[in-house]
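Here the structure comes first, spelled out in structure tokens, and everything after it is commentary.
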Amino acid sequence: MSSDQLSMLMKDHDDVVVVMPPPYILLNDNISDDIQEQVNSVKDLLDDCYKLYKKFRNQLQLIPLSAFCSNSVTDHKEYPYIESLIDENLVSTSIDSVISHSLAHQNSHIVKAYKKLQSCYTVTSEDNLLNPNVESLKTSLVQQKLDNEALESEKVKILEQSQLLLEAVEEKSHELEKEAAQNIAQSKQIESLSEEVSTLSGQLAIVKKDLQQSLNVHSDYVQKSKKEFTTLEKTKSRQIKGLESRLVEKTNSEHVLKAELAELRAIKSSKLWKVSSKVEKLSNVVDKHGASRKKLAQDMSLLYTSELFDSDWYLKTYDDVKKEGIDPAEHYLLYGAKEGRKPSQQFDGNWYLKANPDVAVQGANPLLHYIKFGREEKRPMSPVMITFTKK
């Protein structure tokens with residue numbers, strides 16, 4: 001039977017017994033011209049049987065063929081129910097059997113595979129299931145009887161020792177009862193003391209709990225105060241730095257404006273100014289956009305005097321304005337506000353228009369409106385102005 005047939009048999013039956021002949025019989029039964037091929041085939045068959053046993057060890061039993069062989073000189077007349085299947089003493093010797101025996105014992109792969117398979121046998125090769133060794137069985141029975149007598153003797157000794165131990169335990173139990181009576185009296189005293197201790201422990205726990213709560217409240221208050229103080233200090237420090245920076249910018253702007261005012265006064269007092277004023281009036285008539293340009297210049301001046309317009313920040317934030325070379329104030333008035341751009345980090349025109357819809361309806365510039373009217377009217381400012389602190 002091949003390994004595939006045996007595998008199919010395992011699927012149909014829960015208990016399968018396979019009788020395994022030794023390798024030289026497998027070689028002898030299938031000796032062919034290609035001896036090496038036959039050797040490899042027997043080795044593969046042994047390996048497949050070993051794998052099947054590992055996979056189906058709960059339902060597969062392997063028994064060596066030698067267990068069914070009659071290799072003893074037992075008198076069969078005394079045991080007529082035993083029928084000898086194979087008598088190794090009567091097996092004829094042939095050249096094929098000699099070759100098979102030699103190949104099986106000389107090939108290391110077959111020897112190793114068969115040894116692995118022998119470790120899986122249910123009975124050993126020395127056992128004989130059909131013709132047991134009666135003398136060996138008698139010897140085993142006599143040895144078993146002697147072992148039983150020794151066990152009985154050991155049992156009697158153990159019973160005697162158990163009796164002695166029982167008496168010793170009884171004496172010890174009497175002593176323990178006396179000690180228990182003494183311990184009961186002491187335990188009553190301990191119970192009364194433990195009640196007092198538990199009462200005091202409860203009171204102590206209440207005091208500890210109250211103290212811990214007070215400590216936690218105080219600790220939370222201290223931590224909160226520290227955080228608030230730290231936050232306040234940082235906020236004040238940032239505000240002071242921002243005010244100082246604004247003060248410096250305002251001072252610089254005042255100096256610039258004073259210089260420009262002085263220059264403007266000098267220009268107005270000159271004859272050239274008088275002539276240019278007449279020319280300007282004439283140009284206003286000719287140029288319809290002169291008034292709007294003048295208003296744009298005034299609005300630009302107003303932006304530059306406000307701390308809410310930062311020209312450097314505007315150019316840094318919007319690179320396209322810097323690339324075009326347009327004045328930042330002019331760009332914001334003409335295009336930036338409509339595009340939603342901010343004049344500085346402190347002011348958000350979009351938020352101002354949403355918070356003041358009447359200004360949005362007028363189409364006014366949000367920063368100009370706040371400088372001219374919104375500040376005095378106490379209109380809501382951009383949240384950016386409220387939280388911003390200039391670094």
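The calculated FRET efficiency for the pair Ser192 and Gln212, based on their C-beta separation and a Förster distance of 45 Å, comes to about 0.90. What the Cβ-Cβ distance of Lys294 and Thr235 gives, at R0 = 35 Å and to the nearest 0.05, is a FRET efficiency of 0.25. Summing Lys and Arg as +1 and Asp and Glu as -1 over all other residues whose Cβ lies under 15 Å from the Cβ of Thr230 gives a net charge of +4. Within region 1-16, which residues have the backbone N less than 20 Å from the label spot 7 Å out from Asp48 along Cα→beta-carbon, could you tell me? Of the residues in region 1-16, 1-13, 16 have backbone N under 20 Å from the label point off Asp48. In this rough spin-label picture, where each label sits 7 Å from Cα along the Cβ direction, the Lys378-Met8 distance is 10.4 nm. Distant-in-sequence amide contacts of Gln61, defined by a placed amide H-H separation under 5 Å and a gap of 5 or more residues or a different chain, comprise Val16, Val17, Val18. Given R0 = 25 Å, the distance between the Cβ atoms of Glu330 and Val361 translates into a calculated FRET efficiency of 0.50. A crude spin-label estimate for the pair Glu152 and Lys316, with each label 7 Å from Cα along the Cβ direction, gives 11.2 nm.
Coordinate-derived values only; no laboratory data. Worth saying up front: this structure is predicted, and the values here are computed from it rather than measured. Note that we place each Cβ from the backbone using ideal geometry, even for glycine, and neighbour counts take in every protein chain shown.
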